[in-house]
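S.K.: I have a structure I would like to understand better, so I am pasting it below and will then ask my questions one at a time.
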Amino acid sequence: MAEYESIHGTRVRYLSSDPTLDSSTEGQVWYNSTSGTNKALVQIQAFSSAGAIGTARYTLGVAGTQTAGLLFAGDTLPGPSALTEEYNGVGWANGGSMSTARRSVGGFGTQTAAVVTGGNPGPSVTTATEEYNGSSWTGGGAIGTGRRNIGSAGILTAGLAIGGFTGTAQSTSVEHYNGTSWTAGGAFPSGVSSNSGMGTQTAALSVGGNPGQQTINFKYDGSSWTALSPTNTVRANTQSGGDSASAVIMGGYAPSVSTATETWDGTNWTTSSATLATAKTQMGTGPVGSGTASFGAGGYTAPGKTATTEEYNSNINTITNAAWAAGGNMSTPKLNGGQGIGIKTSAAVFGGNQTSITYPYVNTTYEYDGSSWSGGGAMNNTGSAHGAFGTQTAGLALGSYRYPPNVSTTNVEEYNGSSWTAKPAMSVSRYGAGGAGISTAGLAIGGTTKPPGGVISTVEHYDGEGWTGGGALPAARESMSSGGTQTAAIVAGGNAPPTYSDSLEYNGSAWTSTASLNGGGRSGNYGNGGPTAQTEMLVSGGGPGTITTAEIYNGTSWSITASLGTARNQHMNGQAGNTGTNGAIVAGGVAPPTGVNTSETFTDTTSVATASTLTTS
C-alpha cells in the first residue's frame, strides 16, 4: 500500500493539538498525539432540519438561495395554491400571493426577482407567466407551449423552461425568457417532464425525469444539448441546487419516494452519504442555492403533503440550526402577565396568577438556574402584568394590575436575587408596560392605566433613585415586546388595540419607526429582561390567540426563526446582556384552556469548523 508521503510528497504533521480550523487548513491531514488519531479538515455533507413552511404543499415552484429562498404555488390537497413564502435561512414568512393559484409549475430566479410559468390552475395546463419583485406578482409574457412539471433554470432576465407535460405527452420544447417574453431554444433530445433544471441559460443541466424515472443528464450551451454522465439512480421530481459545474439533487422518485442524494462535480454524479431525514418528492423542479448549500421544503412524503424543510450543506463546518429546547417546569403555572427578568441561565418570574380564571393574583417568585426552578423571595405587593427590566439579581417590576378593585398601580419593586425592596413610584400608574435598561438606567414604556382606563404612550426614565419624563411613544400601546438600554431601546408589537405589527427604536428622547414583524400584529410578550440590544432582539409566541412563531431583529429587519414547542401568550420572554438571542428564555403563560408551568430556552444557528477523524478499514 502506498504511503501518504509517496502520494503527496509531504509527511503527515505530528501535532499535540488540532491546528486552527478554517479555509486555510481545508484538505490538510495531521496526527493529533494527544488523542492518538489521524485527522483531516474535509468537506462534510449533511442535512439539518430548519423551520417548517407555513402551508404544507407539494408540486411547488422554487427560487433563490439557502439564505434567501422562495416557494410559490403548489398543491395543498385539496387544490392549487397561490401562496408565496420567503426563507431567510432559518424560517419562513408570507410573501405576496400570485394572481392565479396553480400547481406543478416551472420556477426560477431569486427571492426578489423570480418567475413562475405554466402549471395547472385546474384540470388543464396554462401558458401564464408571472414575475415576483420581492413583495408582489405581476403578469409576464405567456410561454409558447402550455405545460406542467417543467424543468427550470436561470434568472428573471435569462431563464429556461425545459420540457414538461402538455396534458397529453412529455414535451421536447425548450424556451428562453428575457424578462419580458419567451422564445424557442434548442429542443430537448426526447420528451421529458418532472426533470430537474439548474445553471444558466447558456450553461444548464437537465437531470432525470419522466417517463419512467430516468438517469439521463444533459448539458445545454444555449442552443443544443449534450449527453453527460448519468445519475447513479433513476430519478424524477428531485429538488436541485447548483449549476453545471457543481450541483446536488435530493429526494424525488427513485423509483419510489426517496431520501437519496447525489452530487455533481462537473464530470460525474456521486451518491452522497448525506440523506434526507424524510423521504419526499415534488419539492420543485428548479434550482435553489448552490451545489454546497441548498434546501428542500414542502413536498410529498407518501401518503401526503409535508411542511418540513431540510437544509443541505457541504463544507468544513458543522451547522446546527436555531432551536428551542424544553427547560425546567415551575411548581405552578405563571400567567396573566408572566412577568420576568433575566436570561436562560439566570431568570426570575413573579406575580401574575396561576390559572386563567382564579383570583386574587399572587406575589410569589420563581428563580431559574439554567436547569430547574425554585422558590424566590415574595413580592411586597400582589398583582399582574408588571413591566420589567434588569437581571435576576438586579431587576425591577414596574406597576401592575389589581383586581379587585380593577386598578393599575405606580408601584416599583427591585429584586436582588433573594428579596424585593420598594423603590420610588412611577409618576403614572400602569400595567402591561414595556421595560428596558438596567437597575440604574431604565425605562417604563406605555401600558394601560385605570381608572378611568386607557392605553397610554407615556415613557418614564429611571436613574436608580427616581423617575423623570421621557419621549412619548408615537401612539399608545401595551403588552409589547421590549428591550435595549435607556438610550437605545426597542419595542415590537403590542396592543392599542388592535395589535401592532411594527417596531420602534428609542434614542433616549424620541422614537423612530423601523421594520415590521413578518407575522403581523403580535402582543402578549411580557417582562423582557434587559439590556437586550437594538441590533439583536427575539420575540416569540404571543397573540392574537396563542402562537408558536418567533422572530429575530438584526437592527434592520425581522426574520422568522425556530418556532416554540408550545404556543403561549402572556408569558415571560427574557433575554439580556451580551448573550443576545442565545440567552433567551420563555416561561409560563397561557396555552388554552389553562396556564402552563413549562419553560423553553433558545439557541441560535451555529456554524463551527469540525475536523474529521480518519479510520482504517
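Readers should treat all values here as calculations from the given coordinates under stated rules, not as data from a laboratory. What you see is a predicted model, and the numbers here were worked out from it, not measured in a lab. For neighbour counting, all protein chains shown are included, and Cβ atoms are generated from backbone atoms with ideal geometry for every residue, glycine included.
S.K.: Rg and Dmax in Å for the chain, alpha carbons only: what are they?
M.R.: Final numbers for Rg and Dmax: 28.1, 89 Å.
S.K.: Ranked highest first by average number of other Cβ atoms within 10 Å, how do 582-588, 429-435 line up?
M.R.: On the way: 582-588: 27.1, 429-435: 29.7.
Sorting 582-588, 429-435 by mean packing, highest first, produces 429-435, 582-588.
S.K.: Moving to a separate point now. Taking the Cα centre of each part, how many Å lie between the range 70-110 and the range 484-515?
M.R.: 32
S.K.: Another one. Taking 7 Å along the Cα-to-C-beta vector as the label spot, tell me the Val608-Glu465 distance in nanometres, rounded to one decimal.
M.R.: About 4.7 nm separates the two model spin labels.
S.K.: Something else now. What number in nm² do you get for the range 78-148 if you take the convex hull of its Cα atoms and divide its surface by four?
M.R.: On the way: hull surface 19.5 nm².
That works out to 4.9 nm².
S.K.: What FRET efficiency comes out for Ser181 versus Ala68 if R0 is 25 angstrom and r is the Cβ-Cβ distance? Round to the nearest 0.05. Don't jump to the answer; show the numbers that get you there.
M.R.: Working: r = 27 Å, r/R0 = 1.06.
That pair, Ser181 with Ala68, gives E of 0.40.
S.K.: Could you check what % of the DSSP bridge pairs in the chain are antiparallel, to the nearest 5?
M.R.: Details: 179 of 185 bridges.
Looking only at bridges with both residues in the chain, the antiparallel portion is about 95 percent.
S.K.: What's the FRET efficiency of Ser229 with Tyr403 using the Cβ-Cβ distance as r and R₀ = 60 Å, to the nearest 0.05?
M.R.: Values: r = 74 Å, r/R0 = 1.23.
For R0 = 60 Å, the calculated efficiency reads 0.20.
S.K.: Cα-based Rg (one decimal) and Dmax (whole number) for the range 27-91, in Å?
M.R.: 20.0, 61
S.K.: Between the range 121-152 and the range 202-234, what's the alpha-carbon centroid distance in Å?
M.R.: When both Cα centres are located, 23 Å separates them.
S.K.: Rounded to the nearest 20 Debye, what is the dipole magnitude of the range 322-464 about its Cα centre when Lys and Arg each give +1 and Asp and Glu each give -1 at the C-beta?
M.R.: On the way: 6 positive and 6 negative charges, 65 e Å.
Using only the charged Cβ atoms, the result is roughly 320 debye.
S.K.: Same structure again: With r as the distance between the Cβ atoms of Thr215 and Thr421 and R0 = 60 Å, compute the FRET efficiency 1/(1 + (r/R0)^6) and round to 0.05.
M.R.: Values: r = 75 Å, r/R0 = 1.25.
With R0 = 60 Å, the Cβ-Cβ based efficiency is 0.20.
S.K.: Which value, in debye to the nearest 20, describes the size of the charge dipole of the chain about its Cα centre when Lys and Arg Cβ atoms bear +1, Asp and Glu Cβ atoms bear -1, and nothing else is charged? Provide the component values of the computation, followed by the final result.
M.R.: Numbers: 21 positive and 31 negative charges, 244 e Å.
For the chain, the charge dipole is close to 1180 debye.
S.K.: Compute the Cα gyration tensor for the range 324-603, then decide on rounded, prolate or oblate, letting a ≥ b ≥ c be the square roots of its eigenvalues: rounded whenever a/c is under 1.5, prolate when a/b is larger than b/c in the other cases, and oblate in all that remain. Kindly include the intermediate steps, with their values, before the conclusion.
M.R.: Details: a/c = 1.23, a/b = 1.02, b/c = 1.20.
Because its axes are fairly even, with a/c under 1.5, the range 324-603 counts as rounded.
S.K.: Can you give the local net charge around Tyr431? Use residues other than it whose beta-carbon is closer than 9 angstrom to its beta-carbon, Lys and Arg +1, Asp and Glu -1. Spell out each step's value before the answer.
M.R.: Details: positive: Arg402, Arg430, Lys450; negative: Glu478.
It works out to a net charge of +2.
S.K.: Can you pull the one-decimal nm distance between simple spin-label points at Thr20 and Thr34, each 7 Å off the Cα toward Cβ?
M.R.: 1.7
S.K.: Can you give the extra length, in nm with one decimal, that the chain gains between Asn268 and Thr168 once fully stretched, where that is 0.36 nm per residue apart less the Cα-Cα distance?
M.R.: Working: separation 100, 0.36 × 100 = 36.00 nm, distance 3.33 nm.
So the extension gain works out to 32.7 nm.
S.K.: Decide, for the range 349-413, between rounded, prolate and oblate: order the square roots of the alpha carbon gyration tensor eigenvalues as a ≥ b ≥ c, take rounded if a/c falls under 1.5, and otherwise choose prolate if a/b is larger than b/c, else oblate.
M.R.: Details: a/c = 2.48, a/b = 1.40, b/c = 1.77.
Cα axes put the range 349-413 in the oblate bin.
S.K.: Per 0.36 nm of contour for each residue apart, how much would the distance between Tyr359 and Thr127 grow if the chain were fully extended, relative to their Cα-Cα spacing? Show your work: numbers first, answer last.
M.R.: Working: separation 232, 0.36 × 232 = 83.52 nm, distance 6.30 nm.
Going from the current span to full extension adds 77.2 nm.
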